[in-house]
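Taken together, the values in this text are just the output of simple stated rules run on the coordinates, not laboratory data. No experiment lies behind these values; they were computed from the predicted model shown.
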Amino acid sequence: MPNMQVEGVCYVNDALEKLMFEELRNACRGGGIGASLPSMKQIGTVALPGIVHQSVGFPDVHSSYGFAIGNKAAFNMNDPEAVVSPDGVGFDVNCGVCLLRTNLNESDVQPAKEQPVQAMFDHSPVGVGSKGVIPMNAKDLEEALEMGID
């Protein structure tokens, strides 16, 4: 893809690789826009300003909106051109992946090890049927979908 900042890499088996190339060929014949953009092209479009090392497609990779599902990338937030894309945190399906920015450095949380991550998980409503410290009923869910969460 033109303007890629880094290379795109896919970690897939032979069967998925074949499907990805088939998806790409079909899109090239008929165009492909929006969510129908092939996952291979989406991996290329994720090479956004500030990306570090690679745009990676994991074995579950498949087309979505901006980022393919299963597409991961890291961005250097010290780069003034770097972006934070909501596509990379599952905004389209609210899959329980949340973007959180703090002023903490790795050295600030390293002594605590998993405690901060576990605390965030315990306080975030995630998964179907899971329970956290925030009780939610149907009305609460509807309000969160309409208004967002605090």
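Greater than 26 Å separation of Cα atoms is the criterion. Which listed pairs, Lys113/Lys139; Lys18/Lys72; Lys18/Lys41, meet it? Result: Lys113/Lys139 exceed 26 Å.
For segment 78-84, putting each phi into the Karplus relation 6.51 cos²θ - 1.76 cosθ + 1.60 with θ = phi - 60° gives couplings of 7, 7, x, 8, 5, 10, 10 Hz, in residue order, rounded to whole numbers and with x for Gly and Pro.
Multiplying the residue separation of Phe121 and Leu24 by 0.36 nm and removing their Cα-Cα distance gives an extension gain of 31.3 nm. The 3J(HN,Hα) values that the Karplus relation (6.51, -1.76, 1.60; θ = phi - 60°) gives for segment 10-15 are, in residue order, 10, 9, 9, 7, 4, 5 Hz. Gly and Pro appear as x.
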